[in-house]
Amino acid sequence: MRIVVTTGSRVVEGLVHVLSAGAPAARANAAAALFSLSRDTGANSSINSGARAAAEANSFREAVVTAGALQPLLDLLLDGPTRAKKDAANLLVSLCMARPNRSSVAKAVQCGACASC
């Protein structure tokens, strides 16, 4: 069974809120959930449905950035437990798969890295 989370869904906003303001374990779980939802699951499907799945995944990735996930992800990457750091890093890479996100993610990472120095 495949569940599609649309960009207008409150799932994205809810998970980003938890990522921003939740308890440490909840923040880690939110990053893991967002990463899981951001992956393109259409790789084993036919070409047409695979292309549709990729488009849906990119739309989801754009919604995650639009919802304000970048700064909380960087905070988790810098200060979270090891597993949370891995999920945050994987999600940042996944978010870059959507072309419109690339410059936003790059700027956020660069600014986050500068702030930690």
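The values are calculated or read from the model by the stated rules, or taken from the named source; none is laboratory data. As the structure is a prediction and not an experimental result, all values here were calculated from the model. Positions of Cβ are generated from backbone atoms using ideal geometry, with glycine treated the same way; all protein chains shown enter the neighbour counts. Remember, those area values only see protein heavy atoms, side chains included, never the ligands or the DNA or RNA. Shrake-Rupley method; radii C 1.70, N 1.55, O 1.52, S 1.80 Å.
Within region 1-51, being modelled with pLDDT of 55 or more, surrounded by fewer than 16 Cβ atoms within 10 Å (Cβ to Cβ) and among the basic types (Lys, Arg) holds for one residue alone: ARG10.
For region 73-88, filtering for residues that are closer than 16 Å to LEU37 by Cβ and not hydrophobic (A, V, I, L, M, F, W, C) leaves 1. Exactly one residue among ARG99, ARG83 is open to solvent by 90 Å² or more (accessible area, probe 1.4 Å) and modelled with pLDDT of 90 or more, and that residue is ARG83. For the residues ALA88, ALA54, the requirement of being modelled with pLDDT of 90 or more and either surrounded by 13 or more Cβ atoms within 10 Å (Cβ to Cβ) or in contact with a helix residue (DSSP H, G or I) (Cβ under 8 Å, 6 or more places away or on another chain) (or both) singles out ALA88.
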